[in-house]
Amino acid sequence: MSTGRRSTKFIKSLISEKGETLSNIEVISEEIVNFFGKLYSKPEGDSWRIEGIDWVPISRESAIWLDRPFSEEEVQMAIFQLNKEKAPSPDGFTIAVYQECWDVIKENLIRVFLEFHTKGVLSGRLRKILHETISGSQGAFIEGRHILDAVLIANEVVDEKRKARVNGNAKGWVKASRGLRQGDPLSPFLFTLVADVLSRLMIRAEETGITEGFFVGRDRTRVSLLQFANDTIFFSKASMEHLQNLKIILVVFGQVSGLKINLEKNTISSINTRQELLSNLASVLDCRVSKWPLSYLGLPLEGNPTIIGFWDPVVKRISRRLDGWKKAFLSLGGRITLIQSYLSHIPSYFLSLFKIPVSIASKIEKMQKDFLWSGAKEGKKDHLIRWEVVSRPKELGGLGFGKTSMRNIALLGKWLWRFPRERSSLWHKVIASIYGTHPNGWDANMMVRWSHRCPWKAIAQVFQRLMSSLSSVFFSPSLVDSRVWSLSSSGLFSMKSFLLALSKVSSPILFLPTKFLWSSKAPSKVKALAWLVAHGKVPPRSFEDMLVITFKGLGNSLRGKTLWQITCLILIWMVWQERNNRIFEDKGRTKEMLWDLIRFYSSLWASCTEAFRRVPLSVLQLNWIAVCASKV
């Protein structure tokens, strides 16, 4: 097998940069080394410089804060944020060694860190102040900015203007001799600083009249380009002269920054432009013409969410995952985990910006519930509990999947919470310019013209539901006025708390000690069975009593509570298995055997928890009370 794989990957011939066909292995090796040597080395000759560009400097306070000596707290935070199980360094030590032995080695480590390794901490500092200097058109790696901001702006601008739009992608890299490496924590922030030059060039070009972007709304908010890392979208007047100048700007930017601009991967699209003119514009940029709707950052641009086909990518992605999972024999607990951790979140990216049709929401939920109750078996299987109950939050007796329509409302509601808090952001300015502001002075005007392609329409429909969850505005002569989210202790919006509030409106509260059940360290299949018992789908009726009492013999320590939780659920699991064995297989075990199994599995799974760390399994099995009584 290895011989076959090697032969398929063996380079037998190579075409050189000069167009010659090379077949000698030594010549091929030399050509490859020379090619990558030039590719990753600093270019020869003088580098280009740009003058006359307006920059937004960071504040003096931020400059002092950025340049201050590194503190022990920052070094410790940088180290403890790393994954302890990552590959070891050349000395053979993993990050776990540095974290576990921090108190012993910190002085020597900080001394070495200050001399050689500053990038890990510097990246954390840059993250805090980049928003002061980076243009609002860039959305990647900037604290407080989100990938969906650019998609919302693009959809609203196109819907508002319906004029020419050029979609270009600045693809490339910064050469290795200039200090950036894959995995370097500084790389994304330095890339953002470099990419910001393009935004400044476009602003300067518009000021001098050599290009013209879009001006939207009553305030004529300027939108020339949107950037998210190396994905860039330009908005331009359908003019041969302007696009020629845009191409020159891209070439200049590539020379100055060292980034490779691949014009062949660009596309151009336009609304209400003659096909002949559009073809000529595409030839200027050496790119191809693309039809509407487009895809930008993984979401449709100028699409219609009310059309079933709009949601095909979401439905197909869920279907592909289910096709693979149905081949595996998963327990009910395993299927619950997969739905919670993956299936429920696949549509979230779309749901954060667009209103999902009822038919699509029902289709997605049908796929989820069929997988939940059927698993690997073919054919239809009875659904033991109604989906209305299953989809409720765990606090209300469900499994926390969430109704797709309610999750949609909660995700859209976050925009309304952010709007009055991010007045300086570009997306806020675009929405306020197009729709105006609400008479209350806080929100956008909710009287939205009903264009199905306008994302803000769906967001505006959530306004009344969101307002009912906000507490009163508190006014103080000495403090800045602010809103308080009454559903969370921090006073800040969270999608989880909003979803829980929406669910409580339509769901009766079911008595179920959810914290006891779901925080247990027992396996998911055991907790799933206990959940079925709580809903009366398994014969035992004293389940609630067992969960709410505490066995005093194990005490109130962390170990006692952890072991009691696990033991209760294991007891249900073993009794249920024994019942099935006796009824369907005519097999049975003695009481002593059952108790030994309960004690073994309880001890085994408890020993895997943090509470029983360093307690040998053999010791735990011998004496529960003594182990639980000892200090954790």
Summing +1 for each Lys or Arg and -1 for each Asp or Glu, what net charge is found among the other residues whose Cβ lies under 13 Å from the Cβ of Ile570?
+2
Between Thr437 and residues 5 or more places away or on another chain, the pairs with built amide H atoms under 5 Å apart involve Asn445
Using only the alpha-carbon atoms of segment 186-291 as identical scatterers, what base-10 log of I(q)/I(0) does the Debye formula give at q = 0.12, 0.14, 0.23 Å⁻¹?
-0.42, -0.58, -1.42
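If I stretch the segment between Ile307 and Trp292 completely, what's the gain in nm (0.36 nm per residue apart, minus their alpha carbon distance), one decimal? Display every interim value, and only then the final one.
Details: separation 15, 0.36 × 15 = 5.40 nm, distance 1.45 nm.
Fully extending the segment from Ile307 to Trp292 adds 4.0 nm.
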Name the residues whose placed amide hydrogens come within less than 5 Å of the amide hydrogen of Ser295, ignoring near sequence neighbours (fewer than 5 apart) on the same chain.
Leu301
Length added when fully stretched, Gln255-Arg111, from 0.36 nm per residue minus Cα-Cα
47.9 nm
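Could you calculate, for segment 268-337, the ratio of the Cα radius of gyration to the Kirkwood radius, expressed as Rg to Rh?
Working: Rg = 20.0 Å, Rh = 15.8 Å.
A ratio of 1.27.
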Pair His438, Ser489: separation of 7 Å Cα→Cβ label points (nm)
2.8 nm
Mean Cβ count within 10 Å, highest first, over the residues of peptides 129-138, 14-23:
129-138, 14-23
Out of segment 578-625, which GluC sites (Glu not before Pro) are coil in DSSP terms and have no more than 14 other C-beta atoms within 10 Å?
Glu585
Simple spin-label estimate for Ser348/Glu73, 7 Å along Cα→Cβ, in nm, reads 3.0 nm
Arg421/Met240 FRET efficiency (R0 45 Å; Cβ-Cβ; nearest 0.05):
0.60
Note down the magnitude of the dipole of segment 186-291 about its Cα centre, charges +1 on Lys and Arg C-beta and -1 on Asp and Glu C-beta and zero elsewhere, to the nearest 20 debye.
160 debye
Whole-angstrom gap from segment 592-610 to segment 387-411, using each part's C-alpha centre:
33 Å
Sort 315-323, 262-270, 204-212, 408-416 by packing, meaning the average of other beta carbons within 10 Å per residue, with the highest value first.
408-416, 262-270, 204-212, 315-323
Virtual spin-label span in nm between Glu20 and Trp55, 7 Å along Cα→Cβ
4.6 nm
What is segment 186-291's relative contact order, in percent, from Cα pairs under 8 angstrom and six or more apart in sequence?
21 percent
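Where a number appears in this text, it was derived from the coordinates with a stated rule and is not lab data. If you're wondering where the values come from, they're calculated on a predicted model, not measured in any experiment. All Cβ positions, even for glycine, are placed from backbone atoms using ideal geometry, and neighbour counts span all protein chains on display.
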